[in-house]
Amino acid sequence: MAAPARQPDSIMLATEPPFRLSYAQVRPALRQLSWDGQHRTLEPRVMQVLVALARADGGIVGRDELVARCWDGRIVGENAIQRVISLLRALAAESGAFEIETITKVGYRLKVRQPGPVPAANPAEPAAPAKRRNILFGGAALLLVGAGAGWLGLPSPARREAERLHAAALAIQRREGSSSIRQSIALLERATVVDPDFVPGWADLAYARYLLIHQLHERQQEQHILAIRRTADRALALDPGNRQALLTLALLKPNFRNWIEVDRELRSALGRMPDEPQLHQRMGVLYADTGRIRDAAAEFRWLNGREPLVPANPIQLARAWWYLGDIERAGALIAETRRNAPSDADAWLAQFNFLLQSGQPQLALALTRESTIGLGGYSPLSTEVGLAMVKAMNSGRLADRAAAMQAILSDRARGRLASFIAVPYLVMLDAMGEAWEAIYVYFLGKRDPVSGERLPLPSVTWRRTDILFSPPLKPLRSDPRFARLTATLGLDRYWQVTGTRPQIP
């Protein structure tokens, strides 16, 4: 690799000379990466980081050095660096020319892949008749290389390219998780264009698009789900028993207002795939959303036995135990989960809410003094509301309770506080009127400011109705409005059809 010499100054793309990474050509001034007739134009920051890593010539480049060279030393978050590295890894997987290695707590290293050997010409082949043979048999040769390659048991060039793009997409998902889903979708879409009969491309594209649902606004989701169905149906047209496509379709419909249909579809899918964890997880959530807490606990117990190190599994099981009144066992499991995943923000938030809402505000206060990793940022609970609630529940003073309620209402007005957290908090503060209004807005829609009528929710809506059966909402369940609400949401009809009732103390 003829990379530019390493310099301590900031990277100026306009003055950087071209260089090679294996068989790929890098032109920093044009922000271009080229290989095998393919050309990609990179974002300026992405190209700067690529140049910085290439300059190191196989050495490790630390985070601070990347910031100094590519961000001019400005303060940047870890997410900004991770985003650029993720984009470079997508290009690395697509081109096959290099890879980027993470050296834990140190930095990153670029490793250039050696190009494969080029087959030598056969020296015994006479040169003179070659042109005539090409004229006579050129068409047949093309058939062999293309669609006719299957006669030799070899994949066609289109299939090999689709398989390469598919493998790159899955590798990105494994490394980067949900933050890279759009990159993965782009690669899978290309795979299905290159080879329209490539079943894994269609099936995994449908599932990747499903994973993107909750990153979209609710009013965009209906059309997105229709696209997912078309993609999964394409996979099933090619392979009627494709597991990934069947799984995607089984997970696609929200529980909310579709209780009976989702129950039926999940049972059917479990009949075909009884060992599929995602189906058991979704069935457990359906049971919790319909108040069947004992049944939910059974599903989550099965899931936790299969995948105990995934924090969401013991958290869901502990929540079910808490709803059933087994506070001691729930608390022990949440504490164990926190010990196993001390940096997991969701596990922290689960323990905080459990302690606060199960009558242990002193321990919730101690938790905030230890860490606030689950507050603010991307958390559904802001730091202001979390700390205000801890203070109010510990002191019991009217002024502190009023301050906590004001923080809740302020965050809700700005769309910063999730309703499934706000409602229990309002009940804990004895703000029953505000709690009921928050419930109506969450489950039935906001009121029109002029007519006063409730605006209907989108046809595709995801809502957590399990909170209706949580311990903090017990005072509301004796209110006549509760029975009217469950009937309006279709829960009564679900209980009637399935012959079940809520399983709560």
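The values are calculated or read from the model by the stated rules, or taken from the named source; none is laboratory data. No experiment lies behind these values; they were computed from the predicted model shown. Note: ideal-geometry Cβ built from the backbone for every residue, glycine included; neighbour counts use all protein chains shown. The accessibility values were calculated without ligands, DNA or RNA, using every heavy atom of the protein model including side chains. Shrake-Rupley method; radii C 1.70, N 1.55, O 1.52, S 1.80 Å.
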How high is the relative contact order of the stretch 167-250, in percent, counting Cα pairs under 8 Å that sit 6 or more residues apart?
26
Could you compute how much accessible surface Tyr23 exposes when probed at 1.4 Å, giving the result in Å² to the nearest 10?
80
Would you mind counting up the charge near Trp348? Only other residues with Cβ under 11 Å from its Cβ, with Lys and Arg at +1 and Asp and Glu at -1.
-2
The farthest towards the positive end of the charge dipole of the chain, of the residues Val194, Leu13, Tyr323, given +1 on Cβ of Lys and Arg and -1 on Cβ of Asp and Glu, is Val194
Counting Lys and Arg as +1 and Asp and Glu as -1, each charge on the Cβ, what is the dipole of the stretch 358-437 about the Cα centre in debye, to the nearest 20?
140
Could you tell me which of Thr500, Trp462, Gly433 has its Cα farthest along the dipole of the stretch 429-505 towards the positive end, charges placed at Cβ (Lys, Arg +1; Asp, Glu -1), taken about the Cα centre?
Thr500
Taking a ≥ b ≥ c as the square roots of the Cα gyration tensor eigenvalues, with a/c under 1.5 meaning rounded and otherwise prolate when a/b beats b/c or oblate if not, the stretch 227-299 comes out prolate
For q values of 0.05, 0.07, 0.08 Å⁻¹, compute log₁₀ I(q)/I(0) with the Debye formula on a Cα-only model of the chain, without solvent.
-0.28, -0.53, -0.68
Excluding same-chain residues fewer than 8 positions from Lys474, which aspartates and glutamates have a Cα within less than 14 Å of its Cα?
Asp430, Asp466
Over the stretch 338-449, what lengths in whole Å, largest first, do the semi-axes of the equivalent ellipsoid take, defined as the square roots of 5 times the eigenvalues of the alpha-carbon gyration tensor?
24, 17, 11
Is the C-alpha gyration tensor of the stretch 14-58 telling us rounded, prolate or oblate? Criteria: a/c under 1.5 is rounded; beyond that, a/b larger than b/c is prolate, otherwise oblate.
oblate
Which of the peptides 385-397, 304-316 is most tightly packed, and how do the rest follow, going by the mean number of other Cβ atoms within 10 Å of each residue?
385-397, 304-316
When the dipole is taken about the Cα centre of the chain, and only Lys, Arg (+1) and Asp, Glu (-1) are charged at their Cβ, what size is it in debye, to the nearest 20?
360
Tilt of helix 78-95 relative to the longest C-alpha principal axis of the chain, in degrees (0 to 90, nearest 10)?
40
Loop-resident trypsin sites (Lys or Arg not before Pro) in the stretch 412-459 with no more than 10 other Cβ atoms inside 10 Å, DSSP not H/G/I/E/B, are Arg414
Enter the angle in degrees (range 0 to 90, nearest 10) between the Cα long axis of helix 130-145 and the first principal axis of the Cα atoms of the chain, meaning the one along which they spread out most.
10
Would the stretch 299-349 count as rounded, prolate or oblate if I go by the C-alpha gyration tensor, calling it rounded below 1.5 in a/c and otherwise prolate when a/b exceeds b/c, oblate otherwise?
oblate
So the angle from the long Cα axis of helix 361-370 to the longest Cα principal axis of the chain, reported in degrees to the nearest 10, equals 30
Taking only DSSP H segments of four or more residues, each worth -39500 (n - 2.57), what value at 222 nm results for the chain once the sum is divided by all its residues, to the nearest 500 deg cm²/dmol?
-18500 deg cm²/dmol
Just to be sure I understand the model, the point goes 7 Å from the Cα along the line to the Cβ. What's the resulting Arg294 to Leu309 distance in nm?
3.5
Work out, step by step, the length gained on full extension between Leu444 and Arg174: first 0.36 nm times the residue separation, then minus their alpha carbon distance; give nm to one decimal.
93.4 nm
Among the chymotrypsin sites (Phe, Trp or Tyr not before Pro) in the stretch 338-401, which ones are in a DSSP loop with at most 14 other Cβ atoms within 10 Å of the Cβ? Mind listing them?
Tyr378
Lys, Arg +1 and Asp, Glu -1 on Cβ, resulting dipole of the stretch 422-497 about Cα centre, debye, nearest 20
200
Compare the Cα positions of Ser358, Met389, Ala404 along the charge dipole of the stretch 347-505 (+1 at Cβ of Lys, Arg; -1 at Cβ of Asp, Glu; about the Cα centre) and return the one farthest towards the positive end.
Ser358
Show me the ranking of peptides 33-45, 290-302 by mean Cβ neighbours inside 10 Å, starting with the highest.
290-302, 33-45
